[in-house]
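Take a look at the structure set out below.
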Amino acid sequence: MLRTYAPFLLSLLVVLLLGVSAPPSHPPAQTDSRSIRLAEIRSDLRLFEDEPRYDYVAGDFKYSVIGNREFDEVFYQSALLAGRFYQIQEARSRYKKGQFDLETPEDADFLTLMSAEAVESLPTLVTEAQDLSAKIAALNPRSLKLLQIRRALRGVKTARKNVKMVLGSRDEVDSILDDYKALQADLETIEETDQEGTS
């Protein structure tokens with residue numbers, strides 16, 4: 001009886017020892033696409049992640065990861081830049097439409113963080129976008145491995161779109177920055193009033 005099962009047991013043992021397995025039932029993914037998260041724009045904003053009232057980038061600013069450091073970094077930075085600018089624009093727009101109440105602690109905290117981010121990042125935003133545009137132009141997908149080329153071309157297209165969005169709004173940057181500076185002053189006034197009320 002052992003003689004009947006011997007070939008089967010031997011085959012099973014070889015498979016187990018070598019770790020041979022059946023081929024996957026589906027082809028490998030053609031691209032690894034990730035999305036910018038709110039906390040990547042500013043770590044303090046993690047408190048507001050995935051909250052539709054505050055998080056305007058959730059799942060919208062995607063970038064490709066192809067396994068090449070130079071390409072992956074440019075793809076990530078372009079998505080981060082576009083996501084940051086969109087988050088700043090959208091928070092400003094909603095504030096101007098009266099969708100936030102500075103007397104509400106959550107709204108005030110969110111707008112405080114957004115104001116700090118805007119004042120820190122907007123002055124260099126256009127320069128960063130121009131630098132990224134030059135880096136994108138210098139990328140050579142044809143220098144990659146065959147399977148990376150298609151993914152890289154897709155990533156380059158998305159990166160160009162992200163940078164174009166920012167550069168296309170360059171005339172608005174000063175106005176947005178002024179609005180955030182005014183918002184910071186309003187927030188400071190409210191804070192001073194609250195401190196006087198508790199004294």
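The values are calculated or read from the model by the stated rules, or taken from the named source; none is laboratory data. This is a predicted model, so every value here is computed, not measured. Glycine gets a Cβ as well: all are built from the backbone with ideal geometry, and neighbour counts include every protein chain shown.
Points worth noting:
- Every residue from the range 102-156 that is under 25 Å from I176 (Cβ atoms) and polar (S, T, N, Q): T104, T112, S115, S121, T124, T127, Q130, S133
- The residues of the range 66-111 that are more than 23 Å from L147 (Cβ to Cβ) and of a type in the set (G, A, S), listed by number, are A82, G83, A91, S93, G98, A108.
- Of the criteria (1) surrounded by 14 or more Cβ atoms within 10 Å (Cβ to Cβ); (2) in contact with a helix residue (DSSP H, G or I) (Cβ under 8 Å, 6 or more places away or on another chain); (3) without any contact (Cβ under 8 Å) to a residue 24 or more places away in the chain; (4) of a type outside the set (A, V, I, L, M, F, W, C), which one R142 fails: (1)
- If the condition is being of a type in the set (S, T, N, Q) and buried (at least 17 other Cβ atoms within 10 Å of the Cβ), then the range 32-82 contributes S64, N68, Q77, S78.
- Some residue of the range 98-107 being closer than 30 Å to I136 by Cα, out of contact with any Ser or Thr (no Cβ under 8 Å at 6 or more places or on another chain) and of a type in the set (A, V, I, L, M): no
- Residues that are among the aromatic types (F, W, Y), within 21 Å of E40 (Cβ to Cβ) and modelled with pLDDT of 95 or more number at least 3 in none of the helices (runs of 4 or more DSSP H) confined to the range 86-199.
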